[in-house]
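Enquirer: Quick one: the structure is below, and I'll ask about it shortly.
The values are calculated or read from the model by the stated rules, or taken from the named source; none is laboratory data. A quick note: this is a predicted structure, and the numbers were derived from the prediction, not measured. Please note: Cβ atoms are built from the backbone with ideal geometry, for glycine as well, and neighbour counts cover all protein chains shown. These area figures cover heavy atoms from the full protein model, side chains too; ligands, DNA and RNA do not enter into them. Shrake-Rupley method; radii C 1.70, N 1.55, O 1.52, S 1.80 Å.
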Amino acid sequence: MEEGFLARTFPSTSGNAPTPIDDDLRLKLYRMMLRARHMEQRAYDLFMQNLVKGTSHLALGQEAVSTGFAAAMRSDDYTFCTYRGHNHTLLRGASMAGILGELMGRECGLMRGKGGSMHLTSVKHGAMGSYAIVGAHLPIATGAAWSAQYRGTQQAAVCFFGDGTTNIGAFHEALNFAVIWKLPVVFVCENNMYMEYTPISDVTAVENPAADRAAAYGLEPVLIDGNDVELVFETASQVLTRAREGGGPSLIEAKTYRHGGHSRADPGKYRPDDEVAAWLERDPLPRYRQRLGKLGIDEAALSKIEAEVEAEVDEATETARNSPAADTSIVEIDVWADGGSAWRN
Amino acid sequence: MAELTYRDAVSAGIAQEMRRDHNVVFLGEDIAAAGGVFKATTGLLDEFGPDRVKDTPISEQAIVGAAMGAAMTGLRPIAEIMFSDFFAVCWDLVANQIAKTRYMTDGQCSFPLVIRSANGGGSRFGAQHSQSVENWAMAIPGLKVVAPSTPADVKGLLAASVRDPDPVMFFEQKSLYATKGEVPDDEHVEPLGKARVLRDGGDVTIAALAAMVPRAERAAKMLAQDYGISAAVIDVRSLVPLDTTTILEHVGKTGRLVTVEENPRLCGWGAELASIVAEEIFWDLDGPIVRVTTPHIPLPSADALEDAALPSAERIVAAVRQLVD
């Protein structure tokens, strides 16, 4: 825990001990972060080769948040994320070739080219969509949590969003709604300190955009180091247990940093060099690798994971590159549940 | 058959579906304990309990978003937006999220939900509580759009909307809530996308929706009695899907079409209908297609002003006479 970070634990009401972090789990967390990192670096390379069209928003540097939560979630839990959602979707189990293919507009894409980078979805893996209008998915995640509560399934919904989202109305509507109905939803603010091109502190009334608003909804303020994957995992495990046990929603602010700009179009030059350098020092991947070394994890095990992930990314890239362009026969299908798009008889 | 008001037919339709399917849930502002600001949902809380009939805060984005999240995870929610004017504060959820997500995800999920709303003028509520916004919804791919004119259709079309696997925008015309009509006691479901021919005629076809339907019927009677003009009247009932088959058939027979629309002039549903008729059966027409609409203005409040703005039976008669004479 670094100075300046608040932490708060949520003891399980049933007395269940949190999932212990053993070496197997540590290697899994490392592999998950690495898969996300390498996939997005490859996505960046593919932009540079003009193989990815349109826009794209990378989460390089923020992998510990998506990893910590995905590792703690049950397979039938729901993830709702933003247009910066490649990693969240991948780490719930979606195919890497499907993600890269979607970015490239290929037939093998996760949505066969109909959604694109900002809308990655894999419902069968619980990845219930990436939402490109800021704030929209907080009420939607709330509804999925309501459904889980009504059906009595003990599923939870986890909703990821950026610091900028805390200033839009839907954030406040959803939080209030989730609290009054005591819904099993976890709101996760990935505070990367910039609302698109503008420092969040320049446009926000409080210092910690999510945590400082928690009290307004009767929630505990939780501010964690979002670059510490084990801390994220532990926090996620606690709040998910709380949600399943009927303890209601939680709001987590995870401080992190995006290594690049807001989107493909943004080199991120508005950020001071020393700030960027300081956060690169806290890059969750080398940091965790170092920690695993100190914990006595075999170097060979780490190298093996690294080689396997690189091979996986190469293979996914080849699959996507070799896939034909999206098939135009699907342009007018699947507006309606019957598979069609007819609006008249 | 029992005689019910249009408002009581709302709760009858919802109750019929909630009894049938435990996954049907209902949420909105003041809809549970208070029974709705138009008293259209009284009794539902008592019968189905607070887990299924839920009062919400004044949070239209949360209401519509919650319905979407619930629909994509196995429930069949009915959400109420108290006045259709309030769609303007949750239009992102309606137009960007609910309408598009099935298509964007290549059909990975469906959204079997209904959003009911009190729509339209005639109640002297002024420009922000009286709009006819069905054409807003009609302009968005991915939304079905239904607007009943009778108590029987409220029950039957609401039931069909709940059973439909796609999102349905269900527009109740608030000045009709007190009107009465025969409603089947037994299970009653009217298919979506079917216009109803209320009156056959040889000289002109009048197509109308919701509160404009009784006005069109009155106009047709006046035309027959006072001017010897035989007008067919069609209740369009559903804008999406649109029953162009029935409408084209009648316009083809009568050679003339007059649409009666409560919405302001520009881009009203009648304009779409006019373009379909002009493209597909132009050579069967005996005269121009005429649209009777509210002028392109915000709706005024005073009774004299509102009555002057909304299409009346007299305006319909005048439009038809000019066309037929």
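Enquirer: Quick one: in region B:196-324, what % of C-alpha pairs are over 26 Å apart?
Expert: 15
Enquirer: Also: With a 1.4 Å probe and all protein chains in place, put B:Glu47, B:Glu29 in order of accessible area, largest first.
Expert: Accessible-area ranking of B:Glu47, B:Glu29, largest first: B:Glu47, B:Glu29.
Enquirer: Longer than 26 Å from Cα to Cα, which of B:Lys174/B:Lys194; A:Lys28/A:Lys255; A:Lys124/A:Lys294; B:Lys54/B:Lys174; B:Lys54/B:Lys155; B:Lys100/B:Lys194 are they? Say none if no pair is.
Expert: A:Lys124/A:Lys294, as the Cα separations exceed 26 Å there.
Enquirer: Moving to a separate point now. Under the rule of at least 5 residues apart or a separate chain, name every residue whose amide H is placed under 5 Å from the amide H of B:Lys39.
Expert: none
Enquirer: Then there's this: Please give me the summed charge of the neighbours of A:Phe161: other residues whose Cβ is under 11 Å from its Cβ, Lys and Arg +1, Asp and Glu -1.
Expert: So the surrounding residues net to -2.
Enquirer: Just to confirm a number: summing +1 for Lys and Arg and -1 for Asp and Glu over residues other than B:Arg237 whose beta-carbon lies under 12 angstrom from that of B:Arg237, what do you get?
Expert: Local charge sum for B:Arg237: -2.
Enquirer: So what is Rg over Rh here for region B:2-183, counting just Cα atoms and using Kirkwood for Rh?
Expert: On the way: Rg = 15.0 Å, Rh = 16.0 Å.
Expressed as Rg/Rh, it is 0.94.
Enquirer: With the other protein chains left in place, how much accessible area per residue, in square angstrom, belongs to region B:196-324 at a 1.4 angstrom probe?
Expert: Result: 40 Å² per residue.
Enquirer: Whenever you get a sec, line up B:Phe38, B:Phe282, A:Phe187 from highest to lowest accessible area (probe 1.4 Å, protein heavy atoms). Show your work: numbers first, answer last.
Expert: Values: B:Phe38 35, B:Phe282 105, A:Phe187 0 Å².
The ordering from most to least exposed comes out as B:Phe282, B:Phe38, A:Phe187.
Enquirer: For B:Ala2 and A:Lys269, what does the FRET efficiency come to when R0 = 56 Å and r is the distance between their Cβ atoms, rounded to the nearest 0.05?
Expert: Efficiency for this residue pair is about 0.20.
Enquirer: Evaluate E = 1/(1 + (r/R0)^6) for A:Asp24 and A:Tyr197, where r is the Cβ-Cβ distance and R0 equals 41 Å; express this FRET efficiency to the nearest 0.05.
Expert: Calculated transfer efficiency: 0.50.
Enquirer: Toward the positive end of the charge dipole of region B:196-324, about the Cα centre and with charges on Cβ (Lys, Arg +1; Asp, Glu -1), which of B:Ala271, B:His296, B:Ile316 goes farthest?
Expert: B:Ile316
Enquirer: Using just the alpha carbons, could you tell me how many Å³ per residue the convex hull of region A:52-93 encloses?
Expert: Spelled out: Cα convex hull of region A:52-93, divided by residues, is 73 Å³.
Enquirer: On to the next question. Mind checking which of A:Gly340, A:Ala157, B:Val10 is farthest towards the positive end of the protein assembly as shown's charge dipole, using Cβ charges of +1 (Lys, Arg) and -1 (Asp, Glu) about the Cα centre?
Expert: Comparing the listed Cα positions along the dipole, B:Val10 ranks first.
Enquirer: If I model a spin label at A:Ile330 and A:Glu310 as a point 7 Å from the Cα along the Cα→Cβ vector, what separation in nanometres do I get?
Expert: The modelled label-to-label distance comes out at 3.3 nm.
Enquirer: Something else: Counting only residues 5 or more places away or on other chains, whose amide H sits under 5 Å from the amide H of A:Ser56 once H atoms are built in the peptide plane?
Expert: Here the answer is A:Arg264, A:Ala265, since their amide H atoms fall under 5 Å of that of A:Ser56.
Enquirer: Which percentage, to the nearest 5, of the DSSP beta bridges contained in chain B is antiparallel?
Expert: On the way: 9 of 45 bridges.
Roughly 20 percent of the beta bridges in chain B run antiparallel, per DSSP.
Enquirer: First compute the accessible area of chain B with a 1.4 Å probe, then give the percent of it belonging to carbon and sulfur atoms.
Expert: 52
Enquirer: Taking 10 °C and 1.306 mPa s as the conditions, I'd like the Stokes-Einstein D for the protein assembly as shown in µm²/s, using the Kirkwood hydrodynamic radius from alpha carbon pairs.
Expert: 59
Enquirer: A follow-up question, please. What are the residues whose amide H is under 5 Å from the amide H of A:Gly129, where those residues sit 5 or more places off or on another chain and H is modelled from the backbone?
Expert: Here A:Cys81, A:Ser122 satisfy the definition.
Enquirer: Counting Lys +1, Arg +1, Asp -1, Glu -1, what net charge surrounds A:Ala311 among other residues with beta carbon under 13 Å of its beta carbon?
Expert: Charge balance near A:Ala311 sits at -3.
Enquirer: Follow-up. Karplus couplings for region A:47-53 from phi (6.51 cos²θ - 1.76 cosθ + 1.60, θ = phi - 60°), rounded to Hz, Gly and Pro as x?
Expert: Calculated HN-Hα couplings, in order: 4, 5, 8, 6, 8, 10, 9 Hz.
Enquirer: Where both partners of a DSSP beta bridge lie in the protein assembly as shown, what percent of those bridges are antiparallel, to the nearest 5?
Expert: Antiparallel bridges: around 20 percent, rounded to the nearest 5.
Enquirer: Right, something else. Report, in cubic angstrom per residue, the convex hull volume of the C-alpha atoms of chain A.
Expert: It comes to 147 Å³ per residue, whole-number rounded.
Enquirer: Whole number please: convex hull volume per residue of the Cα set in region B:123-163, in Å³?
Expert: Looking at region B:123-163, the number lands at 89 Å³ per residue.
Enquirer: Taking θ as phi - 60°, what are the ³J(HN,Hα) couplings along region B:192-197 by the Karplus curve (6.51, -1.76, 1.60), each to the nearest whole Hz, with x for Gly and Pro?
Expert: 6, x, 10, 6, 10, 8
Enquirer: Kirkwood-based Rg over Rh for region A:88-192 (C-alpha set), two decimals?
Expert: Using only Cα positions, Rg/Rh for region A:88-192 is 1.01.
Enquirer: When DSSP assigns beta bridges and you keep just the ones with both residues in chain A, what percent turn out antiparallel, to the nearest 5? It would help to have the intermediate numbers written out before the result.
Expert: Working: 4 of 25 bridges.
Within chain A, antiparallel bridges account for around 15 percent of the total.
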